[in-house]
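Asker: Please read through the structure below; I'll follow up with questions.
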Amino acid sequence: MTPKTLTAALCTSGMLTMTPAITHAEDAWQFSGTFYLWGAETSTTITTPAGSIGATLSFSDALENLDFAFMGSVEARYDRWSLITDIATTTLAFSQTTPGTNFSGLDADIRTTVLNAYALYRTYEDSGMSLDLGAGLRWFETDTTLTLLPGALAGRSAQVDNSWTDPVVAARFSYQLSDQWTVVSFLDYGGFRSNSTSWQALITAQYAITDSWSLVGGYRYLDIDHDTGTQNFSFSQSGPVFGATYRF
């Protein structure tokens, strides 16, 4: 079967905000917002006592079938402090073939919401470089159903409808290559429990058009792994991101 997909994501993600590497302390709040398109490959696996069911939608299939993700980021800064909130809602539905004759195909219905909150502190700033470190929380909710269609064997399905909250630590490194070019990388890790881990990484290059507007391009990876007690849920998205940042 030809994959059929629909994905929509709406985010406010400070980890994606491209603040200039060198920003001198000011006694005023500074804000920035970024809007993105994310061409993501999505992989989901549910493991139960009866076995595992997994589904993957490649980046090329996402483009072919108009898989779409929209992202937007917001950050508030004061002196060396940055306050960040992030919310991402994704709906993904597709069908794909399965190897062999045991099953005739797979249907996937994936709904996820990720809410991140960070507080970062600028620990280093010199010679075009800066480093922010901090911590926060990640709340994740999913309602995901993966169904193997009958073939030589009877069909079966697995569902995870759950939510949980994990503490996270985060780091952001910026390097200003020139007056117009800045490279920023962001990494966080959450969970710190045997049954729940997650992490995400982002690297971007920013080109300043004006003092207020910049173009941004890069790559983002998100990985979630959580054991509900009766099932294990694994979810990842990765791919290029493109967008624009406005500072005010």
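Asker: Looking only at the range 210-235, which residues are surrounded by 14 or more Cβ atoms within 10 Å (Cβ to Cβ), under 29 Å from I53 (Cβ atoms) and more than 19 Å from the chain's Cα centre (by Cα)?
Answerer: Within the range 210-235, D227, T228, Q231, N232 qualify.
Asker: Right, here's the next one. Just to be sure before I move on: is S185 closer than 23 Å to V241 by Cα and without any contact (Cβ under 8 Å) to a residue 24 or more places away in the chain in the structure I sent? Full working, then the answer.
Answerer: Details: closer than 23 Å to V241 by Cα: yes; without any contact (Cβ under 8 Å) to a residue 24 or more places away in the chain: yes.
The answer is yes for S185.
Asker: Take the residues in the range 112-144 that are among the β-branched types (V, I, T) and within 20 Å of the chain's Cα centre (by Cα); name whichever of them is farthest from T101 (Cα to Cα).
Answerer: Checked the range 112-144; the qualifying residue farthest from T101 (Cα to Cα) is V114.
Asker: Checking the structure you have, find out if any residue of the range 107-117 is touching a Gly at 6+ places or on another chain (Cβ under 8 Å) and modelled with pLDDT of 95 or more. Steps first, answer last, please.
Answerer: The initial filter retains those residues of the range 107-117 that are touching a Gly at 6+ places or on another chain (Cβ under 8 Å), namely 116-117.
Cutting the leftovers down to modelled with pLDDT of 95 or more gives us none.
Within the range 107-117, none of the residues are touching a Gly at 6+ places or on another chain (Cβ under 8 Å) and modelled with pLDDT of 95 or more.
Asker: Okay, next question. Taking the stated definitions as given, is T230 modelled with pLDDT of 95 or more and of a type in the set (S, T, Y)? Steps first, please.
Answerer: Numbers: modelled with pLDDT of 95 or more: no; of a type in the set (S, T, Y): yes.
It is false that T230 is modelled with pLDDT of 95 or more and of a type in the set (S, T, Y).
Asker: Considering the range 192-209 alone, what residues qualify as being at pLDDT below 95 and either on the phi > 0 side of the Ramachandran plot or open to solvent by 70 Å² or more (accessible area, probe 1.4 Å) (or both)?
Answerer: F192, R193, S194
Asker: How many residues are in a strand (DSSP E or B), among the charged types (D, E, K, R) and either more than 20 Å from F35 (Cβ to Cβ) or at pLDDT below 95 (or both) if we restrict to the range 167-191?
Answerer: Our first condition is that a residue be in a strand (DSSP E or B); within the range 167-191, this holds for 167-176, 181-191.
Okay, now just the ones that are also among the charged types (D, E, K, R), so 172, 188.
Checking the rest, the ones that are also either more than 20 Å from F35 (Cβ to Cβ) or at pLDDT below 95 (or both) come to 188.
Matching residues across the range 167-191 total 1.
Asker: Within the bounds of the range 110-133, is there any residue that is small (G, A, S) and either closer than 26 Å to D61 by Cβ or touching a His at 6+ places or on another chain (Cβ under 8 Å) (or both)? Break it down into steps so the answer makes sense when it comes.
Answerer: Taking the range 110-133 as the starting set, the residues that turn out to be small (G, A, S) are 117, 119, 127-128, 130.
Narrowing further to those that are either closer than 26 Å to D61 by Cβ or touching a His at 6+ places or on another chain (Cβ under 8 Å) (or both): none.
Within the range 110-133 (the criterion being small (G, A, S) and either closer than 26 Å to D61 by Cβ or touching a His at 6+ places or on another chain (Cβ under 8 Å) (or both)), the answer is no, since none of the residues qualifies.
Asker: Continuing with this model, one more query. Checking Y246 against (1) in a strand (DSSP E or B); (2) farther than 20 Å from T42 by Cβ; (3) open to solvent by 70 Å² or more (accessible area, probe 1.4 Å); (4) free of Cβ contacts under 8 Å to residues at least 60 places away in the same chain: exactly one of these is not met. Which one?
Answerer: Against the list (1) in a strand (DSSP E or B); (2) farther than 20 Å from T42 by Cβ; (3) open to solvent by 70 Å² or more (accessible area, probe 1.4 Å); (4) free of Cβ contacts under 8 Å to residues at least 60 places away in the same chain, Y246 comes up short only on (4).
Asker: In the range 105-117, which residues are over 23 Å from S163 (Cβ atoms) and either surrounded by 20 or more Cβ atoms within 10 Å (Cβ to Cβ) or free of Cβ contacts under 8 Å to residues at least 12 places away in the same chain (or both)?
Answerer: Residue satisfying the conditions is L106 alone.
Asker: State whether one or more residues within the range 195-213 are charged (D, E, K, R) and under 23 Å from F140 (Cα atoms).
Answerer: Within the range 195-213 (the criterion being charged (D, E, K, R) and under 23 Å from F140 (Cα atoms)), the answer is no, since none of the residues qualifies.
Asker: Ok, one more. Among what's in the range 118-137 and is open to solvent by 60 Å² or more (accessible area, probe 1.4 Å) and not hydrophobic (A, V, I, L, M, F, W, C), pick the residue that is modelled with the lowest pLDDT.
Answerer: Out of the qualifying residues, it is S127.
Asker: Moving to a separate point now. Given (1) of a type in the set (A, V, I, L, M); (2) surrounded by 19 or more Cβ atoms within 10 Å (Cβ to Cβ); (3) under 30 Å from T145 (Cα atoms), identify the lone condition not met by L187.
Answerer: Only one criterion in (1) of a type in the set (A, V, I, L, M); (2) surrounded by 19 or more Cβ atoms within 10 Å (Cβ to Cβ); (3) under 30 Å from T145 (Cα atoms) is unmet by L187, namely (2).
Asker: State whether one or more residues within the range 139-159 are within 29 Å of T245 (Cβ to Cβ), open to solvent by 50 Å² or more (accessible area, probe 1.4 Å) and assigned to a strand (DSSP E or B). I'd like the intermediate steps shown before the answer.
Answerer: So in the range 139-159, the residues within 29 Å of T245 (Cβ to Cβ) come out as 139-141.
From the residues that got through so far, the ones that are open to solvent by 50 Å² or more (accessible area, probe 1.4 Å) too are 139, 141.
Keeping just the survivors that are assigned to a strand (DSSP E or B) gives 139, 141.
Yes: one or more hits.
Asker: Let me ask something additional. Taking N102 as the residue in question, decide whether it is surrounded by fewer than 15 Cβ atoms within 10 Å (Cβ to Cβ) and either of a type in the set (A, V, I, L, M, F, W, C) or modelled with pLDDT of 80 or more (or both). Write out each step before concluding.
Answerer: Values: surrounded by fewer than 15 Cβ atoms within 10 Å (Cβ to Cβ): yes; either of a type in the set (A, V, I, L, M, F, W, C) or modelled with pLDDT of 80 or more (or both): yes.
Yes; evaluated as a whole, the condition is true for this residue.
The values are calculated or read from the model by the stated rules, or taken from the named source; none is laboratory data. Bear in mind the structure is a predicted one, so any value in this text is a computation, not a measurement. Note that we place each Cβ from the backbone using ideal geometry, even for glycine, and neighbour counts take in every protein chain shown. These area figures cover heavy atoms from the full protein model, side chains too; ligands, DNA and RNA do not enter into them. Shrake-Rupley method; radii C 1.70, N 1.55, O 1.52, S 1.80 Å.
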